[in-house]
Structures are given as structure tokens and as C-alpha cells.
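To start, the structure itself, in C-alpha cells.
The values are calculated or read from the model by the stated rules, or taken from the named source; none is laboratory data. What you see is a predicted model, and the numbers here were worked out from it, not measured in a lab. Heads up, the Cβs are rebuilt from the backbone with ideal geometry, glycines too, and the neighbour counts pull from every protein chain shown. Quick note on the areas: whole protein, heavy atoms, side chains included, nothing else; ligands and nucleic acids left out. Shrake-Rupley method; radii C 1.70, N 1.55, O 1.52, S 1.80 Å.
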Amino acid sequence: PSPAAFSAGAILVVKDEVTTHRGLSNIKLTRSVTETYTIDGDASYILTGTMPAISFYSNGSNWFVF
């Protein structure tokens, strides 16, 4: 979702609940092509491994990984 839809300081957690390894398949988190916000300065972020999770916080304009 757009970080502008949230107040600054909002937290978003993404968790892969699949218990088996995805092999060569990763989860790619990507902004909408019509959006301009970034995820740690990039347009996308890739989750790898078995059952990965990631936490983001919003400054109201962009998402940042923590």
C-alpha cells in the first residue's frame, strides 16, 4: 500500500507463512507502477529463504525496512 495512506510512523509487517522452501522462487514486493514512493530507496524489495518476514515503517512518503 501507499505510505501516504498511513500516518508517519505506521508499521507494516509482511510474513511468508509457507513452511516449505520456495526453491528459486522469491517474493518480490513492488510498488504500483503509478506510485512514486520507495522501499529503502528502491521500487521493490525481494524476500528470500524459508518463511521470511520483513517490517517496514512509513514516514508518510516512503517505506523503510527495519
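All of (1) open to solvent by 50 Å² or more (accessible area, probe 1.4 Å); (2) out of contact with any strand residue (DSSP E or B) (no Cβ under 9 Å at 6 or more places or on another chain) hold for Gly49 with one exception: (1). Sort out which residues of the range 13-28 are under 15 Å from Ile54 (Cα atoms) and either surrounded by 14 or more Cβ atoms within 10 Å (Cβ to Cβ) or in contact with a Gly (Cβ under 7 Å, 6 or more places away or on another chain) (or both), and write them in order of number. Within the range 13-28, Asp16, Ile27 meet the criteria.
Taking the stated definitions as given, is Ser44 surrounded by 12 or more Cβ atoms within 10 Å (Cβ to Cβ) and out of contact with any Gly (no Cβ under 6 Å at 6 or more places or on another chain)? Judged against the criteria, Ser44 is not a match.
Where in the range 1-65 are there strands (runs of 3 or more DSSP E), lying fully within it, with 3 or more residues that are of a type outside the set (A, V, I, L, M)? Can you show your working first?
Working: elements: 11-15, 27-30, 44-47, 53-58, 63-65.
In the range 1-65, 53-58 are the strands (runs of 3 or more DSSP E) which contain 3 or more residues that are of a type outside the set (A, V, I, L, M).
Give the range 38-57 a look and list any residue that's over 11 Å from the mean Cα position of the chain (by Cα) and at pLDDT 90 or above, or say none. Quick ask: steps written out before the conclusion?
Within the range 38-57, the first condition is being over 11 Å from the mean Cα position of the chain (by Cα), and the residues that meet it are 41, 48-52.
Correct list: empty.
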